[in-house]
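All remarks here apply to the structure that follows.
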Amino acid sequence: MRRYSRGEQHRVEVVLDGRSREGRCESRMLLSDFLRHVLGATGVHVGCEHGVCGACTVIVDGVAQRSCLALAVAADGRDVRTVHGLARDDVLSDLQQAFRRHHALQCGFCTPGILMSATDFLARNPAPTEQAVREMLSGHLCRCTGYTGIVAAILDVAALRRERGGTQAA
Amino acid sequence: MKDDAQARPASQGTWVGRPLERFEDEALLAGRGCYADDAPVRPGTLAAAVLRSPYAHAQISRIDAARALAMPGVRAVVTGADVEAWTSPFIVSVKQPMRHWCLAVDRVRYAGEPVAVVVAEDRYLAEDALEAIEVDYDELPPVIDPVAAAQPDASILHADVGSNVVSDRSYRYGDPDAAFAEAAHRVRIDVRYPRNSGTPIECGVVVAEHLPGGAGYDVLSNFMGPMSLAAVMSLALRIPAARLRLRAPRHAGGSFGVKQALFPMIVAMCVASRKAGAPVKWVEDRLEHLVGATSATGRVTTLEAAVGDDGRITALAWDQLDDCGAYLRAPEPATFYRMHGCLTGAYAIARLRVRNRVVLTNKTPAGLVRGFGGPQVYFALERLVQRIAVELGLDPLDVFRRNFVPSGAFPYRAPAGALLDSGDYAAVLERALASAGVDDLRARRSAARSAGRLYGIGFAAIVEPSISNMGYITAVLTPEARAKAGPKNGAIAAATVAVDLLGGVTVGVDSLPQGQGHATTIAQVVADALGLAPQDITVDVEFDSRKDGWSVAAGNYSSRFAGATAGAAHLAALRVRERLARIAAGALGCAPADVVFERGKLFARSNPGGALSFARAAGNAHWAPALLPEGEMPGLRETVFWTPDVLAAPDGHDRVNTSATYGFAFDVCALEIDRATGSVHIDRYATTHDAGRILNPALADGQVRGGFAQGLGAALMEEFVYAPDGSFRSGSFADYLVPTAMEVPEPAIAHLETPSPFTPLGAKGIGEANNMSTPVCIANAIADALGAGVDPAAIELPMTPSKILALVAATERMVSR
Ligand code: FES
Ligand code: FES
């Protein structure tokens with residue numbers, strides 16, 4: 001196991017949204033801070049830094065997790081996907097488009113984290129019930145929308161993907 | 001055809017009124033928003049961390065920052081001594097010798113009060129150094145309960161004031177005493193409203209730079225106004241307002257009123273920058289936000305009504321005690337006075353008595369939280385209406401119908417001064433009953449009750465003020481003191497419409513949006529005025545106090561956007577239109593009044609074929625000023641400042657029209673209580689609104705849903721809890737619970753539109769209604785479910801499962817007896 005000492009700068013290398021990136025940080029730096037302030041992925045938002053609000057959610061090696069609860073050094077060598085990687089060639093993904101259609105965001109501060117959890121969730125649950133969507137969302141706090149549009153957008157995308165035979169799974 | 005709304009309207013149609021998708025969304029969905037913590041800062045900007053008091057009430061006998069200053073990367077430590085040297089205490093709106101500084105000076109008065117600021121090379125280093133600052137505190141007895149704090153023997157927070165009661169005003173309208181003496185019934189309710197907050201998911205951010213040569217300070221922050229507070233900040237910093245440049249970034253992560261309370265931290269960071277000799281950035285963390293930012297004002301109310309046999313209310317008597325926390329921070333005691341003119345709610349009640357006392361306690365200073373003043377008032381008033389029905393054995397719907405301001409009576413002058421601009425309360429009620437399916441709900445209640453289940457139905461009728469009168473707060477002063485201070489009134493909104501050299505239209509507004517979608521709505525409004533499409537309009541919602549048109553009322557509060565800011569943008573666009581019509585009239589061969597603006601073209605009404613493109617017509621003002629008609633100025637940029645005519649200063653009898661417009665909402669809630677767990681299951685919730693003309697129905701419904709979710713949180717979950725020693729118990733989102741997708745049902749939303757005669761577009765605010773209506777509507781349903789035997793004063797927000805279980809047990813004991 002690698003040992004880290006305080007005050008020392010470490011090199012951390014990740015595949016960030018498909019591109020190999022590296023930066024230097026202390027061992028205690030949170031992954032959320034590293035992504036935002038070292039790599040410039042400011043779409044990763046921080047709402048509580050104690051693992052409750054979900055705004056900082058990113059997908060690490062295929063699993064949605066809270067970047068405020070992880071250390072950057074622990075992400076070394078991993079694949080990290082953030083909201084920045086959802087759109088392709090400046091075209092929003094089906095999920096992002098559904099959020100716009102259903103007015104699933106107001107201030108948009110909770111949105112990147114919710115998009116990442118929903119991406120992970122839909123990949124595992126192509127035909128979710130509303131209840132299942134709400135349970136997944138209960139790991140996120142949104143103070144603006146009352147969640148209605150978010151639930152509708154996720155269900156809508158699931159249905160659209162099923163219609164299209166699942167070819168679009170992001 | 002879900003895309004209909006995005007298409008161009010028929011020539012007679014308008015963009016306003018369509019549920020247009022938001023222009024804001026693409027950037028936000030792609031993670032490319034620019035929130036305050038994302039905005040660029042100068043190289044060399046330092047990071048601040050704030051040391052906060054662990055005690056609710058203590059004397060600071062010593063602060064020693066030597067160890068902290070010796071730590072790596074630490075550049076400065078700011079304490080009360082610096083603040084005393086470089087700033088003045090914040091002004092307070094009641095004349096009291098109370099000194100509130102941006103950092104504690106000598107004494108701390110609430111847990112979480114800022115005591116020192118460390119400025120270091122990064123945030124981690126700044127936070128490390130907090131632990132190295134030595135502070136000796138001599139604890140003093142804390143005062144937590146507002147009623148106890150108002151007693152003469154209470155421990156005093158501000159010795160110079162001599163009492164914790166910093167304001168005590170009584171008002172009388174009509175002859176309430178006679179009404180009470182003659183009344184067939186007196187119905188009374190005693191309630192408390194808790195401390196809670198809107199807790200936006202983005203916390204506060206301030207980047208402050210002290211500028212050399214007496215140039216003052218440059219500040220970038222997600223402060224939301226009201227910009228009247230620019231005066232409070234400048235005076236505290238002892239600089240002219242022009243030397244405090246306030247800027248706001250493109251995006252903000254919600255506010256719900258609470259980012260108003262950032263202003264003391266703006267001052268603190270200005271001082272920190274001055275001391276460190278470099279720009280300083282502070283990003284509030286969630287614990288700081290919960291413990292130290294702000295809170296809705298807690299209130300203790302006794303409300304009594306004089307009532308006839310038929311349920312007709314002839315007088316109200318309010319006795320209200322506001323818990324404003326440790327300092328009366330501007331704009332408090334506005335929680336009282338925002339609602340003052342409309343304390344009779346939706347009802348035609350001519351006689352009114354009010355006593356308002358403000359008490360200070362060892363808690364975080366109170367301030368704006370969405371609904372501001374409304375949740376406190378309606379929790380008492382609408383609980384009272386429910387009690388009137390119960391005590392007189394009436395159908396609550398009849399109590400509403402018999403007391404509503406009659407449909408033909410608008411504009412209606414309420415006794416304390418509100419001029420209710422428009423509405424049809426009875427029609428909204430009928431619509432609400434249909435939307436809720438109230439007959440079906442009553443059948444479900446009967447069935448549930450006969451099966452021994454606890455099922456209840458609650459109602460709430462609320463008048464939702466919007467566009468606050470900047471003079472309402474002076475109602476706290478006596479008429480004599482007011483006369484001495486000079487009148488204050490109005491609610492100035494500002495918007496600028498500019499047409500550029502290629503005919504592009506840019507709009508700047510003063511509303512400091514926090515996520516509501518103002519850019520989209522403004523684009524709709526201006527597109528209509530200029531015959532363009534919303535996509536053609538560039539809306540700039542960033543704010544810069546040096547460059548934008550603004551006045552005291554600017555900001556994101558009192559639901560002022562739709563009525564005031566969008567109205568000002570409409571007027572500014574009309575001015576541009578008039579100028580373009582004059583400029584193009586010659587080329588079109590018609591009078592300016594006959595120039596038609598449609599689909600990006602200008603043409604003479606009589607000759608639609610001979611059209612000029614909008615860009616071409618606008619170009620002349622830039623490229624060929626010599627061709628302008630006589631007297632026409634070059635350039636095309638119009639700023640309109642608009643204030644509602646109806647907002648006068650309080651009069652000599654303390655009557656004040658507290659807001660320019662008053663919307664209306666009627667809510668119906670049906671719910672069931674689980675006897676075993678005390679949890680509440682909402683069976684149906686219907687909310688019906690009249691907010692005047694709706695500018696974008698999708699965004700309006702979004703406001704309703706968001707307000708509803710917050711109202712539900714206030715009803716069932718949310719409270720800032722203090723221990724008896726004054727320590728704070730709600731410092732994380734695991735302790736301060738807010739609703740998740742599991743708790744929030746989908747409300748049935750319906751609208752009636754009675755345009756306001758007092759705003760340019762006929763619009764009123766809509767975003768705060770459910771913060772006012774939902775908590776009490778749910779409480780009324782819970783009271784109904786628990787049955788007539790429940791102690792009305794025991795219905796206390798938030799109605800947590802443990803409180804409900806205790807009441808279920810109490811009613812069961814009563815039944816078994
Ligand atoms: S910031 Fe990570 S869960 Fe809130
Ligand atoms: S959109 Fe603002 S917190 Fe969710």
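Read-outs: derived from the displayed coordinates by stated rules, not from any lab. As the structure is a computational prediction, the values presented were derived from the model and not from experiment. Every residue, glycine among them, receives a Cβ derived from its backbone with ideal geometry; neighbour counts consider all protein chains shown.
The table below gives the values:
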read-out	value
10 Å Cβ neighbours from other chains, averaged over peptide B:699-708	4
Averaged over B:31-39, number of beta-carbon atoms from partner chains that fall within 10 Å	6
Neighbour-count ranking [beta-carbon atoms within 10 angstrom, fewest first] of B:Ile457, B:Ile462, B:Ile749, B:Ile91	B:Ile91, B:Ile749, B:Ile457, B:Ile462
Residue among B:Ala568, B:Leu807, B:Ala49 farthest towards the positive dipole end of the protein assembly as shown, charges placed on Cβ	B:Ala568
At most 12 other Cβ within 10 Å, DSSP loop - trypsin sites (Lys or Arg not before Pro), segment B:668-777	none
Nearest-20 debye value, the protein assembly as shown charge dipole, Cβ charges on Lys, Arg, Asp, Glu	780
Amide hydrogen neighbours beyond the local backbone of A:Glu26, cut-off 5 Å, H modeled	A:His10
Chain B shape via C-alpha gyration tensor axes, a/c threshold 1.5	oblate
Using θ = phi - 60° and Karplus 6.51 cos²θ - 1.76 cosθ + 1.60, couplings along segment A:78-89 (whole Hz; Gly, Pro as x)	9, 9, 10, 10, 10, 4, 5, x, 6, 6, 10, 6
Average Cα contact separation per residue, chain A, under 8 Å, 6 or more apart, as relative contact order %	22
Computed [θ] at 222 nm, helices only, for the protein assembly as shown once each DSSP H run of length n ≥ 4 contributes -39500 (n - 2.57)	-8000 deg cm²/dmol
Neighbour-count order for B:Arg67, B:Arg370, fewest beta carbons within 10 angstrom listed first	B:Arg67, B:Arg370
Equivalent ellipsoid dimensions for the protein assembly as shown as semi-axes, Å, which come from the Cα gyration tensor, largest first	40, 38, 32
Expected-Rg normalisation [2.2 N^0.38 Å, Cα atoms] applied to segment A:94-163	0.97
Neighbourhood charge, 12 Å Cβ-Cβ cut-off, centred on B:Ala554 and excluding it, Lys, Arg +1 and Asp, Glu -1	-2
Once the Cα gyration tensor of segment A:9-85 is diagonalised, semi-axes √(5λ) in Å	17, 14, 11
Percent of beta bridges antiparallel (DSSP, the protein assembly as shown, rounded to nearest 5)	80
Cβ-derived FRET efficiency at R0 35 Å, B:Gln59 paired with B:Asp122, nearest 0.05	0.55
Lys, Arg +1 and Asp, Glu -1 on Cβ, resulting dipole of chain B about Cα centre, debye, nearest 20	1140
Within 10 Å of each Cβ in B:731-744, the average number of Cβ atoms from other chains	6
3J(HN,Hα) from dihedral phi, segment B:388-394, Karplus parametrisation 6.51/-1.76/1.60, rounded to Hz, x for glycine, proline	4, 4, 5, 6, 9, x, 9
Farthest positive-ward along the protein assembly as shown dipole, Cα basis, beta-carbon charges - from B:Ala184, B:Gly367, B:Gly486	B:Gly486
Residue-by-residue Karplus 3J(HN,Hα) for segment B:25-33, coefficients 6.51, -1.76, 1.60, Hz, glycine and proline x	5, 4, 5, 5, 5, 8, x, 10, x
About the Cα centre, charge dipole magnitude for segment A:94-163 (Lys/Arg +1, Asp/Glu -1 at Cβ), debye	100
Residue order, fewest to most surrounding Cβ atoms within 10 angstrom, among B:Leu419, A:Leu160	A:Leu160, B:Leu419
Average Cα contact separation per residue, chain B, under 8 Å, 6 or more apart, as relative contact order %	16
